[in-house]
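Have a look at the structure below before the remarks.
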Amino acid sequence: MNRNDTTARIAHVFSGTLMHSTPRAAVEILHNCVLGVDDKGKIAFIENHRDVVSLSEKWGFETSDIKQLGQYEFLMPGMVDTHIHASQYSYTGTALDLPLLEWLNTYTFPVEAKYKDLDFANNVYTKVVRRTLKNGTTTACYFATIHTDASLVLGELADRFGQRALVGKVCMDCNSAVPQYKESPSECKEETDRFIKELLKKEYTNVKPVVTPRFAPSCSSSLLSELGEIAKNNKLHVQSHISENKEEVELVKTLFPGCRSYTDVYLKHNLLTERTVMAHGCHLTDEELELFRETGSAISHCPNSNISICSGMLNVRNVLNHKVKLGLGTDVAGGYSPSMLDAMRRTLDTSKALTIQDPQHKTLSFEEVFRLATLGGSEALSLDDQIGNFVVGKDFDALRVNICVPDGPIDLFPGEAPKVILEKFLNLGDDRNITEVYVAGRQVVPFPDK
Ligand code: GUN
Ligand code: ZN
């Protein structure tokens, strides 16, 4: 495409090392690259630096405007958190001493009930959006609460700070031990319709609604059917939880005796689509994984949460062998860290624990886990035509990483290869190393002064 026959203008040009994943390579390292981003936030070109002069003529940018990455810097795709409860951020890092069903009734529902108060919601939601962006989460798939107006506030904040987000108003009409924290079936349907309508009306480019039945034990069969209809009629994403712990799986058997499995519950209510992401799935059978593959539904692996509230250990290798789409999630606050770097580390820990139990188990590599946090997450959210790696035409969602920041968490030694630099960042790095964050070409970190 020639600059003369297009309206695209170049907004940023970077020169240096890019690290990303492709369907064929878990880590591809591109040296001496120039990457251009157009004024629509899309990647316009990725070429070798030797062609920089002709590129500048073709695209009409000044070589003096190029952002030059240093020896210890690289660009990587932004990370995709496929499952996070924005509403639970206030108690992240606490309350990890009970198993799931007791944990929900004791800690979670009483806190989520507070989001009727929009000032409370605004305070927590501002903090979670800023914290996750600073930690390199360019896309988040959020659970909010049952409150429509507070959920709209979350959407507004994600848009304002520039995070790409799917936002879910939570739906639940039964089995809550906190009486004020559930809705009637009709209220739930009406408020879900209102939430979707209001959020779509804002026309945020990168913030969209996601239909969110909390999980089968919180929803009547008629509510699940309504939500399946709403998702289908509006072509929307769906998110929920599945097979997180064994007690929950047993409860679902008693609540839905006509269904063959937990997965069958969602299948029968038309909630398994190619835009569905289900969190956890620790105890799914191979037969259920087959249903995920057939329907194109995805799993969000949330290892910090799975260990922190003793739910189970998902065998990611088995899920990948079944060709089921899989991304990583922090599952704040069942997971105690809002950082996707932590989600990658805990994914490796769980995989290694499975190898300790069974030496035949093929442990995940750090390269595979890097792919799950980026391209895998984009596939799990069916956004891989738009984000996930560096391909011309995709949106530029990216992190500028510097592993050699003053007083940073990483020590370097002479002669370390780029792959080693990536491995050190994934295992030892933190938000100090993420010096710039871009979403759809807009620089969102460091935060603007105001
Ligand atoms: N299952 C239903 N609701 C929740 C929740 O808020 N957190 C987790 N980890 N599991 C759930
Ligand atoms: Zn969750």
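Can you confirm whether region 240-256 contains a residue that is more than 16 Å from ligand 1 (Cβ to nearest atom) and either touching a residue at least 12 places away in the same chain (Cβ under 8 Å) or under 22 Å from the mean Cα position of the chain (by Cα) (or both)? Scanning region 240-256 turns up no residue that is more than 16 Å from ligand 1 (Cβ to nearest atom) and either touching a residue at least 12 places away in the same chain (Cβ under 8 Å) or under 22 Å from the mean Cα position of the chain (by Cα) (or both). Does Y204 qualify as being touching a Gly at 6+ places or on another chain (Cβ under 7 Å), of a type outside the set (K, R), surrounded by fewer than 22 Cβ atoms within 10 Å (Cβ to Cβ) and within 23 Å of Y89 (Cβ to Cβ)? Here the answer is yes, as Y204 does meet what is asked. Please enumerate the residues belonging to region 282-308 that are more than 19 Å from N270 (Cα to Cα) and away from ligand 2 (no atom under 13 Å from the Cβ). Matches in region 282-308: H283, T285, D286, I307.
A single member of V167, V129 is touching a Pro at 6+ places or on another chain (Cβ under 7 Å), crowded, with 24+ Cβ neighbours inside 10 Å and under 25 Å from D397 (Cβ atoms), and it is V167. Does D385 meet the test of being at pLDDT 95 or above, within 16 Å of ligand 1 (Cβ to nearest atom) and surrounded by fewer than 19 Cβ atoms within 10 Å (Cβ to Cβ)? No. Among the residues in region 207-230, are any away from ligand 1 (no atom under 15 Å from the Cβ), of a type in the set (D, E) and closer than 26 Å to G312 by Cβ? Within region 207-230, not a single residue is away from ligand 1 (no atom under 15 Å from the Cβ), of a type in the set (D, E) and closer than 26 Å to G312 by Cβ. Scanning region 228-239 for residues that are out of contact with any helix residue (DSSP H, G or I) (no Cβ under 7 Å at 6 or more places or on another chain), under 20 Å from C174 (Cα atoms) and without any contact (Cβ under 8 Å) to a residue 60 or more places away in the chain gives G228, E229. Candidates K268, K253, K325: the one that is closer than 26 Å to E423 by Cα, at pLDDT 95 or above and among the charged types (D, E, K, R) is K325. Scanning region 144-166 finds no residues that are more than 16 Å from ligand 2 (Cβ to nearest atom) and within 21 Å of Y266 (Cβ to Cβ). On the stretch given as region 255-270, residues that are within 16 Å of ligand 2 (Cβ to nearest atom) and over 29 Å from A95 (Cα atoms) total 1. Among the residues making up region 309-347, those that are more than 24 Å from G78 (Cβ to Cβ) and away from ligand 2 (no atom under 14 Å from the Cβ) are C310, M313, N315, R317, N318, N321, H322, K323. Yes or no: region 421-434 includes at least one residue that is touching a strand residue (DSSP E or B) at 6+ places or on another chain (Cβ under 6 Å), of a type in the set (D, E), touching a residue at least 40 places away in the same chain (Cβ under 8 Å) and under 29 Å from H237 (Cβ atoms). For region 421-434, residues touching a strand residue (DSSP E or B) at 6+ places or on another chain (Cβ under 6 Å), of a type in the set (D, E), touching a residue at least 40 places away in the same chain (Cβ under 8 Å) and under 29 Å from H237 (Cβ atoms): absent. Only one of the numbered conditions (1) farther than 30 Å from V332 by Cβ; (2) within 16 Å of ligand 2 (Cβ to nearest atom); (3) among the polar types (S, T, N, Q) is not met by T92, and that is (1). Report whether or not V252 is away from ligand 2 (no atom under 15 Å from the Cβ) and in contact with a Cys (Cβ under 7 Å, 6 or more places away or on another chain). Taking the combined requirement at face value, the residue does not satisfy it. Considering region 317-340, and only residues there that are in contact (Cβ under 8 Å) with a residue 60 or more places away in the chain and surrounded by fewer than 23 Cβ atoms within 10 Å (Cβ to Cβ), the residue that is farthest from ligand 1 (Cβ to nearest atom) turns out to be S337.
Considering only residues in region 282-316 that are among the hydrophobic types (A, V, I, L, M, F, W, C), in contact (Cβ under 8 Å) with a residue 40 or more places away in the chain and over 17 Å from F370 (Cα atoms), the one that is farthest from ligand 1 (Cβ to nearest atom) turns out to be A298.
The values are calculated or read from the model by the stated rules, or taken from the named source; none is laboratory data. Bear in mind that the values here come from a model prediction, so they are computed numbers and not experimental data. A quick note on method: Cβ atoms are made from the backbone with ideal geometry, for glycine too, and the neighbour counts reach across all protein chains shown.
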